[in-house]
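Student: This is the structure, below, for whatever I ask next.
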Amino acid sequence: MRVVIAGAHGKVGLRLGRLLSGRGEEVLGIIRNPDQIPDLAGAGVSPVVLDLERATADAVAEAIAGSDAAVFAAGAGPGSGAARKATVDRGAAVLLAEAAERTGVRRYLQVSSMGVESVRGDVTPAGVDEVFIAYLRAKLAAEDDLRSRDLDWTILRPGHLTDSPGTSLVRLAPQVERGEVTRDDVAGVLLALLDAPASAGMVLELINGTAPIEEAVAAVAAGR
């Protein structure tokens, strides 16, 4: 399997790249900064230097053509303002999805966030930082765009992300209570979702829980 990861140097993307390359898959990692090339190479990921905030859909399509799956795991990151939430968390996600649709890369995973439904309809939740609201709106817009496309998409909405060691135990469902999830376990769930084509068309929320990752993914894919 040939998988392309946008945001391949991010904390989730790099973990997923290591998992995929570790089991012998071909992995392409889209990055903006060429200084990150050695880190990707060390993870067994082939770097593709491409700025998704400025690239054309044609350029992205050329870069990902021939892949079996695409994963959007990019984000503007902490410290960025509302403008970059719009250009990365929404704009770059839409661009990659458009390129995937053009080139027939049908399997598509998008990392979103729990809480996005709280801003649907331009609702502004009380007591929430305006930059975080912009982030949620950008993620929701990217989700809505993806749902309209002719792709075998799955949207994953993790809870609060932590860098604690992975547990391989999760709670995964269309709706779960708010909670934390390790980045290790997000990457593990993405890997399992790539192996579960029956999860296409699903929007899934994720926190740490009690079910082994493979069992949790198999259960949602089977509609349980």
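Just so it is clear, none of the values below were taken in a lab; they were calculated from the coordinates. Quick caveat: nothing in here was measured; it's all calculated off a predicted structure. As a convention, Cβ positions derive from the backbone with ideal geometry for all residues, glycine included, and neighbour counts pool all protein chains shown.
Student: Is the shape of region 1-102 rounded, prolate or oblate, going by the alpha carbon gyration tensor and its root eigenvalues a ≥ b ≥ c, with a/c under 1.5 for rounded and a/b larger than b/c for prolate?
Tutor: Values: a/c = 1.86, a/b = 1.24, b/c = 1.50.
Because a/c hits 1.5 or more and a/b fails to exceed b/c, region 1-102 counts as oblate.
Student: A further question follows. From Cα pairs below 8 angstrom and at least 6 apart in sequence, can you work out the relative contact order of region 139-224, rounded to a whole percent?
Tutor: Working: 147 pairs, mean separation 31.8, N = 86.
Relative contact order for region 139-224 comes out at 37 percent.
Student: Same structure, new question: Which length gain, in nm to one decimal place, applies between S164 and A198 when the Cα-Cα distance is subtracted from 0.36 nm times their residue separation?
Tutor: On the way: separation 34, 0.36 × 34 = 12.24 nm, distance 2.98 nm.
In short, 9.3 nm is gained.
Student: Sort the following peptides by mean Cβ neighbour count (other Cβ atoms within 10 Å, averaged over residues), highest first: 3-12, 32-41.
Tutor: Taking the mean over residues of other Cβ atoms within 10 Å, the ranking is 3-12, 32-41.
Student: Cα gyration tensor of region 2-221, axes a ≥ b ≥ c as square roots of the eigenvalues: rounded (a/c below 1.5), prolate (a/b > b/c) or oblate? Display every interim value, and only then the final one.
Tutor: On the way: a/c = 1.36, a/b = 1.09, b/c = 1.25.
Taking the square roots of the gyration eigenvalues as a ≥ b ≥ c, region 2-221 is rounded.
Student: Would you compute, from DSSP H runs of 4+ residues alone, the mean residue ellipticity of the chain at 222 nm, taking -39500 (n - 2.57) per run and dividing by the full residue count, rounded to the nearest 500? Intermediate values should be presented prior to the final figure.
Tutor: Details: 7 runs with 74 residues, N = 224.
So the calculated ellipticity at 222 nm is -10000 deg cm²/dmol.
Student: Here is a follow-up. Hey, what did region 82-195 get for relative contact order, percent, Cα under 8 Å, at least 6 apart?
Tutor: Here the relative contact order equals 30 percent.
Student: At E130 and E53, where each label point lies 7 Å from the Cα along Cα→Cβ, what is the point-to-point distance in nanometres?
Tutor: 2.0
Student: Further question on the same structure: Got the relative contact order for the chain handy, in percent, Cα pairs under 8 Å and 6 or more residues apart?
Tutor: Numbers: 462 pairs, mean separation 40.0, N = 224.
It rounds to 18 percent for the chain.
Student: Go through region 69-77 residue by residue and turn each phi into a ³J(HN,Hα) via Karplus (6.51, -1.76, 1.60, θ = phi - 60°); whole Hz please, and just put x for glycine and proline.
Tutor: After applying 6.51 cos²θ - 1.76 cosθ + 1.60, I find 7, 10, 10, 9, 10, 7, x, 5, x Hz.
Student: Can you figure out the FRET efficiency of T87 with E117, using R₀ = 22 Å and their beta-carbon distance, to the nearest 0.05? Write out the running numbers ahead of the final one.
Tutor: Working: r = 23 Å, r/R0 = 1.03.
That gives a FRET efficiency of 0.45.
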